[in-house]
Amino acid sequence: MNILYVASEAAPFIKTGGLADVAGALPKALCQKGMDCRLVMPLYSQIADEYKSQMQKIGEFWIDLGWKHEYCGILTMTFNGVTTYFLQNDYYFNRASLYGEGDDAERFIFFSKGATRLPKVLDFRVDILHANDWHSALVPVFVNDYRTGDSFYRDVRTVLTIHNLKYQGQFAPEMFYWTNLSGYYMSDYDLKFYQSLNFLKGGIVHANAVNTVSKTYAEEISYSFFGEGLDGVVRAYASKFYGIVNGLDYDVWNPASDEFLTRTYDVDSVLLRKENKRFLQQRYGLEIREDVPMFAMITRLTAMKGLDLLRYVLEELLQEDVQIVVLGTGEETYEEMFRYFAWKYPTKCAARLYYSNEQSHQIYSAADFFLMPSISEPCGISQMIAMRYGAVPLVREAGGLRDTVHPYNKYSGEGTGFSFSNINAHELLFAMKEAIRIYREEPEALAHLQRNAMRERFDWSLAGEEYLSMYRSVLK
């Protein structure tokens, strides 16, 4: 099977979110299964020179955008066994940031059209063109448009993965001009969404299959609360929706060999984690004690992460003998909240309002419990990492959190974490207090729960099989 995986970012080349992790891992897993899966992304100026120095230019072509005739260079390199193509146009991609530019519509129409044209330019006979999120959601639209007049695209099938429905690529209707598509595509049954051009809606309408990054999220977005205005479109095309949970790179996230840890450990030596906890307490200026439960969050500080729930109960929680560690950046209101509590309770609360890869590894290996009270969570990767490192997750039953964290059953000993169901601050508080009780009164039960979590597997090899099954279904 020949697959061209289209993504606007991919690790390790450049990353702003979870899409990059998936784009860096899934093509690798598919290649290991014997598929010819190649990746295409823009050549951003921010990509490190260590990667640019390995790239070779293999061709160029021209792309029509409205009245323009734009240059598109093709550079390539192989990384982790995956052939990766970079589409070069300095006008569009030599920018200060990846997204948020005034001409994002034009930039990603260029990218989508270039990615669609690329296999024909290279004579790479693709079976599947796999687009991701709004940045490349027009790929299925262009394939269907080319299919009628170009035999190369006659048997090509398209897949669209939605990593977060909140980001749809909505622009002024005048931006449709840059697509060079016939005007009938700009209808209420196609790319038009109320009075805007909506890239993601077009991808949903035109793709042969659409998947989200967890089974529960695929169901949730058919309801208005999670549907971000597109729930009617999701329901209309429900027959082609799939839900596939993301995997985790077990080579990168491995407590037995993690170079950032003071003490490495595995499922049979989980009690050694206490050395990492002591190190983190010392580094962050917390009381150095083994007998205090430590909760941690590593997250973008946004409302959808459930931070308003935590805001209501954090004062009450900090009256307990606990410690809380936060790492991340985001909206000022939440950064200020954590600054305040870190100032008021300096030996109990540590807020690090930035991101550090090294410190994230150290927090996962030190925390007793990992908080994710998300309002919405398409998949989530932090809870998978936390389980891998023995930090017991405490989550709201939303999206991928519901699919990956199994609630602890005190009678059978089954489960991998703690959970609560409603968007209710005191349900969060009660779940946290139950975690604290088990920490203090049932240390053997907690160690058992940690080992359960560490034995869970979210391997990309398993996720890759589900993607292959979806590909085969659309090829039929």
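Overview of values
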quantity: Per principal axis, descending, Cα span of the chain in whole Å; calculated: 71, 45, 42
quantity: Heavy-atom accessible surface of region 325-476: percent carbon and sulfur, 1.4 Å; calculated: 49
quantity: Theoretical gain in end-to-end length, E466 to R339 [0.36 nm per residue, Cα-Cα removed]; calculated: 41.4 nm
quantity: Amide N of region 307-326 lying under 11 Å from the label point, which is placed 7 angstrom from the Cα of R289 along Cα→Cβ; calculated: 320-323
quantity: Pairwise FRET efficiency - K433 versus Q56, Cβ, R0 = 35 Å, nearest 0.05; calculated: 0.05
quantity: Estimated 222 nm signal from helices in the chain, with DSSP H stretches of n ≥ 4 weighted -39500 (n - 2.57), rounded to 500; calculated: -11000 deg cm²/dmol
quantity: 20 °C / 1.002 mPa s Stokes-Einstein diffusion coefficient of region 1-80, Kirkwood radius on C-alpha pairs, µm²/s; calculated: 154
quantity: Region 26-88: relative contact order in percent, alpha carbon pairs under 8 Å with at least 6 residues between; calculated: 38
quantity: Computed label-point distance, nm, for sites V267 and D188 using a 7 Å Cα→Cβ extension; calculated: 5.5
quantity: Column: log10 I(q)/I(0), Debye, Cα scatterers of region 145-301, q = 0.09, 0.10, 0.11 Å⁻¹; calculated: -0.54, -0.62, -0.68
quantity: Test item: Cα-centred dipole of the chain, Lys/Arg +1 and Asp/Glu -1 on Cβ, debye; calculated: 580
quantity: Distance between modelled label sites at K410 and E442, nm, 7 Å Cα→Cβ extension; calculated: 0.5
quantity: Centroid-to-centroid separation of region 190-204 and region 147-176 [C-alpha atoms, Å]; calculated: 10
quantity: Where region 1-124 is the region considered: accessible area per residue in Å², 1.4 Å probe; calculated: 37
quantity: Modelled FRET efficiency - R0 41 Å, S421 with K476, Cβ distances, 0.05 increments; calculated: 0.60
quantity: Alpha-carbon centroid distance for the pair region 113-142 / region 323-343, whole angstrom; calculated: 41
quantity: Normalised contact order of the chain, rounded percent, pairs of Cα under 8 Å and 6 or more residues apart; calculated: 12
quantity: Options N211, L165, Q195, ranked by Cα towards positive dipole end of region 158-237, top entry (Cβ charges); calculated: N211
quantity: FRET efficiency estimate (nearest 0.05) - Cβ-Cβ, E316 to D90, R0 56 angstrom; calculated: 0.55
quantity: Protection proxy ranking, peptides 451-458, 233-240, average beta carbon neighbours within 10 Å, highest first; calculated: 451-458, 233-240
quantity: Linear extension gain, K68 paired with A11, 0.36 nm per residue minus alpha-carbon span; calculated: 17.4 nm
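The values are calculated or read from the model by the stated rules, or taken from the named source; none is laboratory data. As the structure is a prediction and not an experimental result, all values here were calculated from the model. For neighbour counting, all protein chains shown are included, and Cβ atoms are generated from backbone atoms with ideal geometry for every residue, glycine included. Heavy atoms of the whole protein, side chains included, go into the accessibility calculation; ligands, DNA and RNA do not. Shrake-Rupley method; radii C 1.70, N 1.55, O 1.52, S 1.80 Å.
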